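Student: Input: one structure, supplied below.
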Amino acid sequence: MFESKSFILGSGSPRRKELLKAAGINFSVDCSSHVNENHPKDLPSRDIPEYLSIKKSEGFHRPLEEDEVLITADTIVLLPAENYDAIDLGFISDVMKRADTVLEKPTDRNSAIAMLTSLSGRSHFVYTGVCVRDINHKVCFTDKTRVHFCELSFNEIEYYVDKFKPFDKAGAYGIQEWIGYIGIDAIEGSYYNVMGLPVSKLFRVLKNF
């Protein structure tokens, strides 16, 4: 279907590679670019992934050839302010509790446990921004999925963190792993978006490119 194009995934994420391959898209991986992932402080949280996906695309280490299409993406986990209650979330200050909080990749075991504690029994949102670019066109979009965790015991959280070590995952979890099977009781939107790539929307964009 896409024989005339040479797709490049500008990401080292094993989940994104798995999803593109499952969608039947032939691609190569080139994640040799190193882009500063800072963003403007006043940028709305929901706009961060698309902003960073564009930044990754524009910061690609070389010009694209005529038949090449570059795919870049970024994913965040967003915990809405209204989901906070009186529990001590540790890594979240009182000021942050009055605003939506972006849960990035945990820095260590304790921060991973704290993040999962904050998600337990609550709904949060996963946003993935995607940028698709060739030498003449650029199409960018954001997909949103609502995820609800049931109440998790401390032993369940500790078991997951120690066994699966989710330190490379925003929000400290992978929906396709053990915790997704036993801990997530509802989602609204794309499951694959939570894994890191809204495949259905991306496929339609690639068809129109």
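The values are calculated or read from the model by the stated rules, or taken from the named source; none is laboratory data. Here the structure is a predicted model, which means the values were calculated and not measured. Positions of Cβ are generated from backbone atoms using ideal geometry, with glycine treated the same way; all protein chains shown enter the neighbour counts.
Here's the yes/no breakdown for (1) outside any strand (DSSP E or B); (2) under 17 Å from residue 170 (Cβ atoms); (3) over 16 Å from the mean Cα position of the chain (by Cα); (4) free of Cβ contacts under 8 Å to residues at least 12 places away in the same chain:
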site	(1), (2), (3), (4)
4	yes, no, yes, no
11	yes, yes, no, no
15	yes, yes, no, no
25	yes, no, yes, no
32	yes, no, yes, no
35	yes, yes, yes, no
46	yes, yes, no, no
51	yes, yes, no, no
63	yes, no, yes, no
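Student: Can you tell me how many residues in the stretch 128-147 are closer than 18 Å to residue 5 by Cβ, touching a helix residue (DSSP H, G or I) at 6+ places or on another chain (Cβ under 8 Å) and either among the charged types (D, E, K, R) or modelled with pLDDT under 95 (or both)?
Tutor: Number of matching residues: 2.
Student: While we're here: Name the residue that is surrounded by the most Cβ atoms within 10 Å (Cβ to Cβ), counting only residues in the stretch 127-184 that are basic (Lys, Arg) and in contact with a strand residue (DSSP E or B) (Cβ under 6 Å, 6 or more places away or on another chain).
Tutor: 133
Student: Can you tell me which residues in the stretch 174-195 are outside any loop (DSSP other than H, G, I, E, B) and among the acidic types (Asp, Glu)?
Tutor: Selection gives 185, 188.
Student: Here's another thing I want to ask about it. Restricting attention to the stretch 115-162, and to residues there that are in contact with a Leu (Cβ under 6 Å, 6 or more places away or on another chain) and in a helix (DSSP H, G or I), which single residue is farthest from residue 174 (Cα to Cα)?
Tutor: Once the filter is applied, the top-ranked residue is 118.
Student: Given the structure, is residue 167 out of contact with any Leu (no Cβ under 9 Å at 6 or more places or on another chain) and farther than 13 Å from residue 19 by Cβ?
Tutor: So residue 167 fits the description; yes.
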